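Let me begin by presenting the structure, written as structure tokens, before commenting on it.
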Amino acid sequence: MGHISRPRPLDAGPSGRSAGPAAVSPSRPARAADVPAPAPRPRVAGKFLFVGTEKLYVRGVTYGAFAPDARGNEYHDLTTVERDFAHMAANGINAVRIPHTMPPRALLDVAARHGLRVMVGLSAEQYIGYLIDRHGAPDIEALIRNTVRSCAGHPALLCYALGNEIPAPMARWLGRRRVQRYLERLYRVIKDEDPDGLVTYVNYPTTEYLELPFLDLVCFNVYLESQERFEAYLARLQNIAGDRPLIMSELGLDSWRNGEGGQTRSLDWQVRTAFAAGCAGVFVFSWTDEWYRHGHDVGDWTFGLTRTDRSPKPALDSVREAFAEVPYSAGVPWPRISVVVCTYNGARTIGDCLEGLCCLAYPDYEVIVVDDGSTNGAGAIAGGYDVRLIQTANRGLAIARNTGLNAATGEIVAYIDDDAHPDPHWLTYLAATFLSTSHAGVGGPNIAPPGDGPIAECVARAPGGPVHVLVTDREAEHIPGCNMAFRKSCLEAIGGFDPQFRTAGDDVDVCWRLQERGWTLGFHPAAMVWHHRRNSVRTYWRQQIGYGRAEAMLERKWPEKYNGPGHVRWVGRMYGDGLTHVLGWRRPRVYHGVWGGAPFQSLYQPASSLLGSLPQMPEWHLMTASLAGIAALSVAWRPFKLALPLLVAAMVPPVAQAWLSAARARFPDGPASSLARLRRRLLTAALHLIQPVARLRGRLIEGLTPWRRRGTPRPAPLWPVTASIWSEQWQEQQQRLHDMEAGLRADGGCVLRGGRHARWDLEVRSGFFGAARLLMGVEEHAGGKQLIRLRWWPTVPARGPLLTLLFTGLTAGAARDRAWGAALLLGLGALVLAWRTLEQCTAAMATTRDAVARLRDEES
């Protein structure tokens, strides 16, 4: 990733820190006037920190280590601390990180007087060796507990840092799970003593693989001297952080080796890049060149913004200016953006949505509300805000989006749902991505807000919610409709949204159509919106049925995006809450490098196997229902009892996946009673089980194989057919095939193109059991004339004959045992399967024949 310049003297400890926290005492006793009045404590809200209703961008510096006094107290000179903190505040700094020693409470009082918040280091990394050798081990939990008690609830407290950079060799020796359990145990200790205190752990690239989802915010020390690589690594860290704030807990450059000019330039782009990438804060390493290690001052490094005598370096001016323009410079030529809100009976939430839109920190935007025939007063509520209100008859979501697109005056069109409200800088991050890339569209995360009730909390952690799919850390394959923005020219070039998608699926379709044109989609992790989830099981069930219907429609339009059974094949990786835990035997692997020497050590998750994914598929539940029916018929034929153990075996994997997913889900501060917590887990597990069933129901309503032709079956041959067409007009073969494909799709057919190694050009699917394939050949003749040769033939996937043979064999067995009722049912099943295979092959051959006939008519 690039050269790493780190402040590490040869005689320093594993992380360049002192041996341990020491008790400290101020130079004078605290007075009543020193103690600040209580203030709102920082809280996490999605990707950012807030104090009350105000967003808190952390603009910080690290402070220490300094030479201790005779009693080992590092921060004993409060006069110097007071002068330093006043100097910091005057230069736009609002936070101080004390990396390794618990500061005295008097230091926190000084910080509060100057409006500074303190990240308190608890130095858990210094005790990690006791996990190996417990001889003489202190009571680590008691040490942490006593330290937290000494400052719990102080108004200057920003957060607790469990530790700083557990050395990679130690983490590798212990194994990541043991380290993770150690940190989580100490996290619980802190929360017991200070429930409202925020907790983090300061990680670094060499142990990036540690999975710490319990932390309130994510902190990393990163020293990269290439801006391009720094940007790329920040995008990776944002995906690791997920829906939590990311803070750069150390960044900087040594002016001893790079010169003060080099330090100034580097810190300018480091700070600006971090905030532009969506970081919630930055700590510059460090405030001063004064640095004390192991009994003596260190003079061969100068990372400070001020020199040892506290005289400012040019880098301080650079950092002050960068901090003043968070998150972006005021001179950016921001494009005009049209925000479109489509609503249908959204009276319950649209007011909250429009309140948020009215408070956006963006200089040039308009809000267009399209009321798609609401009957509950949503339009009247919207009319009370400073928006452009367009009221129409109910025509569906896609047409409503197109109505907003046609009315938009901005060069960027952003869409947000009526049950979502944006972060104040939502448009800023979207627009900045458009300005710095050529993406046709950009999206961001959507996060469930707190306070919607226990059912909504469970739904937010259930599958089927709006998730984004990323091909890389910064490029998306899909961005959900509740938070997406596009260049207006690109949307107009593809004709807007497809009107057939009335309730869902329009966002997936438009993303694929843009990518079909060769355009790309981007993702910015800080362009976040709060998106309310369904607050009842009934509405969640209905939503998932609607999504199932949309899936069937997408299958019909984009068959190449789906596999044979009809499941979407994403190229990228899905991100978001509620993803079902896939059972599997393949473990994630840590890339350590040879002898554990890699500077960036990452966790690689194996791709889910087919066997692990099967229980999530709706067809698995259909199979389970079939086995239950067969087991119930055991009174008609005793061998049907064999279906009972198969039924149990079929039920175990989805139940196990559902419970594991619910057990691993992370909820906000939960109810006090263990029974209430158990109910919440059980409901989440139940939602994981019913979601694929609801999707299956939706697909059945729309048509389990939606590409089949409806109407009366037409006769067609079930053997290969050859035809020749004479053309007086020369045309490329690819164009003729493209025209045939377009005609078939316009007629409602499901058409696939042959791949690079295929012996056919087009495949017409008629259902789950039958299809037809076509091959074209062209003979060139004088005068630009052509003889077009065509051959098409039926093709039967193996699943149809195999199922037919299975039912036939079972029919024979039941007849042999004189179980005539069972034999009749099984025989009917075999006949239905055989008939469906025959019918679908015939329909596909007839559809292909019609396409050839149209081509003949066009050439005649």
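The values are calculated or read from the model by the stated rules, or taken from the named source; none is laboratory data. Fair warning: this is a prediction, and the values are worked out from it, not measured in the lab. Using ideal geometry, Cβ is built from the backbone for each residue, glycine included, and neighbour counts are taken over all protein chains shown. For accessibility, only protein heavy atoms count, side chains too; no ligands or nucleic acids. Shrake-Rupley method; radii C 1.70, N 1.55, O 1.52, S 1.80 Å.
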Give ARG756, ARG736, ARG699, ARG765 a once-over and let me know the one that is of a type in the set (D, E, K, R), open to solvent by less than 30 Å² (accessible area, probe 1.4 Å) and at pLDDT below 90.
-> ARG699
Within segment 69-104, of all residues that are among the charged types (D, E, K, R) and modelled with pLDDT under 90, the one most open to solvent (accessible area, probe 1.4 Å) is ARG71
Only one of these conditions is not met by PHE85: (1) of a type in the set (Phe, Trp, Tyr); (2) more than 30 Å from PRO314 (Cα to Cα); (3) touching a residue at least 12 places away in the same chain (Cβ under 8 Å). Which number is it?
-> (2)
Find the residue count for segment 267-290, including only residues that are more than 28 Å from the chain's Cα centre (by Cα) and open to solvent by 10 Å² or more (accessible area, probe 1.4 Å).
-> 3
Starting from residues that are of a type in the set (Asp, Glu) and within 26 Å of the chain's Cα centre (by Cα), keep the ones in segment 395-442 and report whichever is surrounded by the fewest Cβ atoms within 10 Å (Cβ to Cβ).
-> ASP419
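Conditions tested, residue by residue: (1) under 13 Å from ARG320 (Cα atoms); (2) touching a residue at least 40 places away in the same chain (Cβ under 8 Å); (3) among the charged types (D, E, K, R); (4) out of contact with any His (no Cβ under 7 Å at 6 or more places or on another chain).
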residue: LEU251; (1), (2), (3), (4): no, no, no, yes
residue: ARG257; (1), (2), (3), (4): no, yes, yes, yes
residue: GLU260; (1), (2), (3), (4): no, yes, yes, yes
residue: THR273; (1), (2), (3), (4): no, yes, no, yes
residue: ALA280; (1), (2), (3), (4): no, yes, no, yes
residue: PHE285; (1), (2), (3), (4): no, yes, no, yes
residue: GLU290; (1), (2), (3), (4): no, yes, yes, yes
What is the number of the single condition among (1) of a type outside the set (Lys, Arg); (2) within 17 Å of THR842 (Cβ to Cβ); (3) open to solvent by 40 Å² or more (accessible area, probe 1.4 Å); (4) not in a strand (DSSP E or B) that LEU744 does not meet?
-> (3)
Can you name every residue in segment 322-340 that is more than 22 Å from VAL442 (Cα to Cα), open to solvent by less than 40 Å² (accessible area, probe 1.4 Å) and either in a loop (DSSP other than H, G, I, E, B) or in contact with a strand residue (DSSP E or B) (Cβ under 8 Å, 6 or more places away or on another chain) (or both)?
-> PHE323
Those strands (runs of 3 or more DSSP E) completely within segment 415-485 that have 1 or more residues that are among the acidic types (Asp, Glu) are 475-478
Would you be able to say whether some residue in segment 172-179 is among the aromatic types (Phe, Trp, Tyr), farther than 30 Å from ASN94 by Cβ and assigned to a helix (DSSP H, G or I)?
-> yes
Of those in segment 817-838 that are modelled with pLDDT under 85 and open to solvent by 40 Å² or more (accessible area, probe 1.4 Å), the residue nearest to ALA771 (Cα to Cα) is LEU825
For LEU678, indicate whether it is within 30 Å of GLY46 (Cα to Cα) and surrounded by 13 or more Cβ atoms within 10 Å (Cβ to Cβ).
-> no
Would you check which residues across segment 547-569 are in a helix (DSSP H, G or I) and open to solvent by less than 20 Å² (accessible area, probe 1.4 Å) and list them?
-> GLY548, ALA550, ALA552, LEU554, GLU555, PRO559
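Please determine whether any residue of segment 443-451 is within 25 Å of ALA241 (Cα to Cα), of a type in the set (A, V, I, L, M, F, W, C) and under 23 Å from the mean Cα position of the chain (by Cα).
Of segment 443-451, the ones within 25 Å of ALA241 (Cα to Cα) are 443-451.
Then keep just the ones that are of a type in the set (A, V, I, L, M, F, W, C); that gives 447-448.
Still in the running and under 23 Å from the mean Cα position of the chain (by Cα): 447-448.
Yes, because at least one residue in segment 443-451 is within 25 Å of ALA241 (Cα to Cα), of a type in the set (A, V, I, L, M, F, W, C) and under 23 Å from the mean Cα position of the chain (by Cα).
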What are the residues in segment 578-611 that are more than 24 Å from ALA650 (Cα to Cα), out of contact with any strand residue (DSSP E or B) (no Cβ under 7 Å at 6 or more places or on another chain) and either modelled with pLDDT of 80 or more or of a type in the set (Gly, Ala, Ser) (or both), if any?
-> HIS592, GLY593, VAL594, TRP595, GLY596, GLY597, ALA598, PRO599, PHE600, SER602
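Specify the residue that is surrounded by the fewest Cβ atoms within 10 Å (Cβ to Cβ); the eligible residues are those in segment 445-454 that are touching a residue at least 24 places away in the same chain (Cβ under 8 Å) and out of contact with any helix residue (DSSP H, G or I) (no Cβ under 7 Å at 6 or more places or on another chain).
If we filter segment 445-454 for residues that are touching a residue at least 24 places away in the same chain (Cβ under 8 Å), which is where we start, we get 445-450, 452-454.
Filter once more, so that each one left must be out of contact with any helix residue (DSSP H, G or I) (no Cβ under 7 Å at 6 or more places or on another chain): 445-447, 449-450, 452-453.
On the way: PRO445: 27, ASN446: 28, ILE447: 22, PRO449: 17, PRO450: 15, ASP452: 16, GLY453: 11.
Among those that are touching a residue at least 24 places away in the same chain (Cβ under 8 Å) and out of contact with any helix residue (DSSP H, G or I) (no Cβ under 7 Å at 6 or more places or on another chain), it is GLY453.
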Those residues that are touching a residue at least 40 places away in the same chain (Cβ under 8 Å) and open to solvent by 40 Å² or more (accessible area, probe 1.4 Å), I need them from segment 489-516; list them, please.
-> SER489, GLU492, PRO499, GLN500, ARG502, THR503
Being in contact with a helix residue (DSSP H, G or I) (Cβ under 7 Å, 6 or more places away or on another chain) and aliphatic (A, V, I, L, M) is the filter; apply it to segment 195-212 and report the residue that is surrounded by the most Cβ atoms within 10 Å (Cβ to Cβ).
-> VAL199
Using the structure shown, decide if ASP243 is open to solvent by 10 Å² or more (accessible area, probe 1.4 Å) and either farther than 24 Å from ALA476 by Cβ or free of Cβ contacts under 8 Å to residues at least 40 places away in the same chain (or both).
-> no
Counted residues in segment 151-165 being in contact (Cβ under 8 Å) with a residue 60 or more places away in the chain and buried (at least 18 other Cβ atoms within 10 Å of the Cβ) come to 7
Would you say CYS482 is under 22 Å from the mean Cα position of the chain (by Cα), open to solvent by less than 30 Å² (accessible area, probe 1.4 Å) and farther than 23 Å from PRO525 by Cβ?
-> no
